[in-house]
Amino acid sequence: MAEEMAQETPELVISVVTGLAPDDLLKVRTTASPVATVEARLSSGDMVTNLGCNDINGYKWCKIESTGKEKLSGWAPARYLIPLNPAPYVEGETRPADAPVVASTGSANEAGQASAPDQSQAIGSANSPPVPPPDLTARLGGAGPAAESTPKSAAEIGHAAMQDAYLLALAAPDVPLDSAPMLASAPEIPCARYVGQPMERCKVSVVHTADKANITVTWPDGGTRIISFRAGQPAGSDAPGDFRFTREGSLNMIRIGEAERFEITDSLALGN
């Protein structure tokens with residue numbers, strides 16, 4: 001009877017915030033847009049309820065919800081969340097308060113006991129990759145007389161959920177965090193957008209006119225930056241911040257404002 005109820009009740013899936021630069025925070029926005037109003041900021045390791053993930057303008061965003069006394073909800077880039085909810089988010093849909101919490105395996109039977117108060121920050125993952133699931137029965141207070149007599153605390157359940165999410169990510173390294181479509185033939189350059197962020201790869205497109213070139217850089221989490229070259233030298237950008245650069249051989253190392261960094265070769269700027 002308990003198994004039938006677990007199958008009928010929609011699962012929740014816990015997403016753990018990861019992939020941030022040291023001392024950086026994940027911005028939760030009102031809409032799935034990099035320029036939308038910031039509702040909240042999350043630290044690495046925070047857990048949230050993932051209500052579903054949608055492809056928006058070529059990038060995947062997830063609707064998430066906090067579980068504290070002050071309920072906060074919004075949208076965050078999927079690349080900073082582990083695991084993802086395989087179901088899309090549909091506006092107006094509600095989730096039952098007694099839905100079973102699933103740490104990272106999407107198994108309602110394994111994590112059914114985890115629906116304690118303040119533990120609804122989980123995410124269901126019915127279509128998770130075929131990775132051997134962690135044994136959640138003992139750690140989350142599974143079936144059996146011993147488990148029923150000594151239920152797990154909310155803190156223990158949350159700690160186990162976060163561990164399982166990281167284990168799932170490590171067990172499936174072939175699944176990229178950033179699921180945004182990327183053309184294999186599109187040029188890319190090293191780039192960084194935030195203070196302390198390691199360099200990553202950004203798609204670029206180049207438009208040449210006479211001795212000028214405009215290079216449009218597309219950030220992985222949305223938005224663009226235009227960098228102008230004149231006579232083969234970096235000349236400016238469409239950002240209001242300070243523009244400066246240094247050269248090493250044929251490599252232009254460009255900084256804009258306090259945080260943005262780019263590495264652009266002469267061959268890309270000149271079209272050689």
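The values are calculated or read from the model by the stated rules, or taken from the named source; none is laboratory data. Bear in mind the structure is a predicted one, so any value in this text is a computation, not a measurement. Note: ideal-geometry Cβ built from the backbone for every residue, glycine included; neighbour counts use all protein chains shown. SASA here: full protein model, heavy atoms, side chains in, ligands and nucleic acids out. Shrake-Rupley method; radii C 1.70, N 1.55, O 1.52, S 1.80 Å.
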Taking amide H atoms as placed 1.01 Å from N in the peptide plane, list the residues 5 or more away in sequence, or in a different chain, whose amide H sits under 5 Å from that of residue 237.
228
By the mean-Cβ-within-10 Å protection proxy, highest first, 221-230, 206-215 rank as 221-230, 206-215
For residue 71, give me every one of the lysines with a C-alpha distance below 26 angstrom, ignoring sequence neighbours fewer than eight places off in its own chain.
27, 60, 63, 152
To the nearest Å, what is the center-to-center distance of the range 224-253 and the range 19-44, using C-alpha atoms only?
27
Non-local residues with an amide H under 5 Å from the amide H of residue 40, with H modelled 1.01 Å from N and Pro and chain starts lacking one, are 28
Could you pull out every residue, at least 5 positions away or on a different chain, whose amide H is within less than 5 Å of the one on residue 15? Hs are placed 1.01 Å off N in the peptide plane, and Pro or chain starts have none.
48, 50, 123
Which Cα, out of 239, 254, 229, lies furthest along the positive dipole direction of the range 222-262 (beta carbon charges, K/R +1, D/E -1)?
229
Note, ³J(HN,Hα) from phi for the range 38-46, Karplus 6.51, -1.76, 1.60, rounded to Hz, x at Gly and Pro:
7, 8, 7, 10, 10, 9, 4, x, 5
The answer for the range 31-85, accessible area per residue at 1.4 Å probe in Å², is 45
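Using a 1.4 angstrom probe on the protein heavy atoms only, line up 203, 63 by accessible area, largest first.
Result of the area sort, largest leading: 203, 63.
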Just read off the accessible area of residue 27 with the full protein assembly in place, 1.4 Å probe, to the nearest 10 Å².
70
Note down the net charge around residue 28, summing +1 for each Lys or Arg and -1 for each Asp or Glu among other residues with Cβ under 9 Å from its Cβ.
+2
